[in-house]
1. Between Rg and the Kirkwood Rh of region 56-97, both from Cα atoms, what is the Rg to Rh ratio?
2. Work out the FRET efficiency for Leu204 and Leu81 from their Cβ-Cβ distance, taking R0 = 41 Å, and round it to the nearest 0.05.
3. Return the long-range amide H neighbours of Cys146 (sequence gap of 5 or more, or a different chain), with a cut-off of under 5 Å between placed amide H atoms.
4. May I ask you to compute the full-extension gain from Arg216 to Leu196, defined as 0.36 nm times their residue separation minus their alpha-carbon distance, rounded to one decimal in nm?
5. Sorted by packing (mean other beta-carbon atoms within 10 Å per residue), highest first, where do 195-204, 56-65, 92-101 land?
Amino acid sequence: MGDFLSPLLWMFIMGFMGSLHCIGMCGGLLTAVSMSQQKTWWAGLVIYQLGRITTYAILGLLVGFTGLALHDLGGHTVQRLITILAGLMIIIFALNFAGWLPDPLQRLSVWVGRKTGLMKLAGNLANHARLHGWYALGLVNGLLPCGLVYAALAMGLASEHALKASAMMASFGLGTVPAMMFVPSLLQKMSPVLRLKIMRIAALLMLSLGVLTIFRSAMRGHVM
């Protein structure tokens, strides 16, 4: 049980620490909807989060099955390589998160958002408060190109267990909820300097997580 809960906790922390990244990448959609209304419709925001978490859980299930198949084909060596890859992705994201590395996915995410009609859907939601629309927006938003999500999926891939990977991704999604729920107020109240400091502290913590992930994988290989 402890081995199962530990990855869930780490994924929640990873999602929580990456919350400010969510504000920058995905928050534009949510802010466009929320700030165009006189009052924040909390029920819609909650349903939107459920949509995102649903997508993450489904993606986790898919990568979990993939990781299991890769393990059956290549054994523990493949597992270690996947885990090292996951750690490297976390490190790369952490460097980008702190502003020390450019994000190649940011423009792609904006482009995909426009091409898929997410911005138009967000505008429609501002005038028509419908729960199913907010849920659909969350479902599609969970598919936007995002380095943080890819890093989380790599962790799920390394788990070699479909249900465990799905639960890990759901836990990751829950970790991002605090920032996504309060995006409008955070953007208004947080100064750029304060935001940068918080992001760099979070980046250092995530960098440590990435290094620890690689170290644990290397140690397992050494023991074996």
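1. Details: Rg = 12.1 Å, Rh = 11.3 Å.
So for region 56-97, dividing Rg by the Kirkwood Rh gives 1.07.
2. On the way: r = 26 Å, r/R0 = 0.63.
Step by step, r from the Cβ atoms, then E = 0.95.
3. none
4. Gain in length upon complete extension: 4.2 nm.
5. 56-65, 92-101, 195-204
Any read-out appearing in this document is the output of simple, stated calculations on the displayed coordinates, not a laboratory observation. Source: prediction; values computed, not measured. Here Cβ is always computed from backbone atoms with ideal geometry, including for glycine, and neighbour counts include all displayed protein chains.
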